[in-house]
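The values are calculated or read from the model by the stated rules, or taken from the named source; none is laboratory data. Keep in mind it's a predicted model, so treat the numbers as computed, not measured. Note that we place each Cβ from the backbone using ideal geometry, even for glycine, and neighbour counts take in every protein chain shown.
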Amino acid sequence: MAGSLEAKLETVADWIAAARHVVVFTGAGVSTESGIPDFRGPGGIWSRYSPITYQEFIADPEARRESWRRSRESYSQFAAAQPNAAHLAIAELERLGKLECVITQNVDNLHQRAGNTRVIELHGNSQWVVCLECGKRYPRAEIQAWLERGVEMPACEQCGGILKSATVAFGQAMPERETTEAETYSRACDVFIVVGSSLVVYPAAYMPRYAKQSGARVVLVNASETDFDHRADAIFHERAGEVLPRLVDMVRARLPALPEGPPAA
Ligand code: NAD
């Protein structure tokens, strides 16, 4: 779609206002403006570290030690991050009754903190740590205290099993229920908005493809190009925190005013 940024935003706002089912699909790029680096953008995590696979984590104590060392280092950055203007705009879309759900590849919990109540997490949530033997869950903050006390490879207090962040590592199986739900919502929507994803991590990156196959309009808001650009109905190579608030303002202006809350007692 050609035209000025303003004109393109107006068109997409028309689509959203008229849509029955809107889905937002997010990747690490929605959180860079909150200070959490992405994987593949400039300065992304893979420019500093190579990934540790699930199989390496399980089989090799050195890999486990290294994984926890990285996690201990990056924890304060994650813990301090606040939802940014893009997260807040996506939450506002739900409040306006124009969002079916957010499907996220992110593990940072920022959509929930921004106010979204229907969030499908494809890759888990880094607020939790889980025992791979008995399933006991620990708040990540508690494990940070252990790491800072000098524990290098935390083990389960209950059974001694290996503890791992409740996130999906490379080589680890996807959560079945979330993956099925995400596919169902992607296939049933009429507008599908990708925000901040390079769309190279599968099976998550199938979601916009399912939406497109099912006849939805697909909108991309991503700072850099993706392999999916040629199939998108509208593309914004812009920062999410700049584009989404403007888009949501335009959607709000097209909707009947929401009823006022009850008067204060
Ligand atoms: P990615 O790193 O592969 O791609 C991020 C994309 O976002 C890039 O194309 C980049 O150009 C774009 N981008 C960066 N800042 C942006 C901004 N302000 N506005 C718009 N676009 C912006 O991320 P991915 O596709 O999500 O895949 C990486 C995997 O790693 C996913 O599983 C992801 O969830 C996980 N991850 C999560 C976090 C997090 O939870 N915040 C952080 C890093 C990686």
Hits in the range 204-233 (condition: more than 8 Å from the ligand (Cβ to nearest atom), in contact with a Ser or Thr (Cβ under 7 Å, 6 or more places away or on another chain) and in contact (Cβ under 8 Å) with a residue 60 or more places away in the chain)
M207, A211
For the range 95-109: of the residues being touching a strand residue (DSSP E or B) at 6+ places or on another chain (Cβ under 9 Å) and not in a loop (DSSP other than H, G, I, E, B), which is surrounded by the most Cβ atoms within 10 Å (Cβ to Cβ)?
T104
Taking the condition of being more than 18 Å from S74 (Cα to Cα), among the hydrophobic types (A, V, I, L, M, F, W, C) and surrounded by 16 or more Cβ atoms within 10 Å (Cβ to Cβ), how many residues in the range 126-173 meet it?
4
So, C159, is that one modelled with pLDDT of 95 or more and touching a strand residue (DSSP E or B) at 6+ places or on another chain (Cβ under 9 Å) or not?
yes
Please go through (1) surrounded by fewer than 18 Cβ atoms within 10 Å (Cβ to Cβ); (2) within 22 Å of H21 (Cβ to Cβ); (3) of a type in the set (A, V, I, L, M, F, W, C) for A80 and return the number of the only condition it doesn't satisfy.
(2)
Are any of the residues in the range 74-82 within 16 Å of the ligand (Cβ to nearest atom) and modelled with pLDDT of 95 or more?
yes
Which residues, taken from the range 211-262, are within 14 Å of K8 (Cα to Cα), outside any strand (DSSP E or B) and among the aliphatic types (A, V, I, L, M)?
A232, V243, L244, L247, V248, M250, V251
With respect to T226, is the statement that it is surrounded by fewer than 19 Cβ atoms within 10 Å (Cβ to Cβ), β-branched (V, I, T) and at pLDDT 95 or above true?
no
Among the residues of the range 114-139, how many are part of a loop (DSSP other than H, G, I, E, B) and more than 13 Å from the ligand (Cβ to nearest atom)?
9
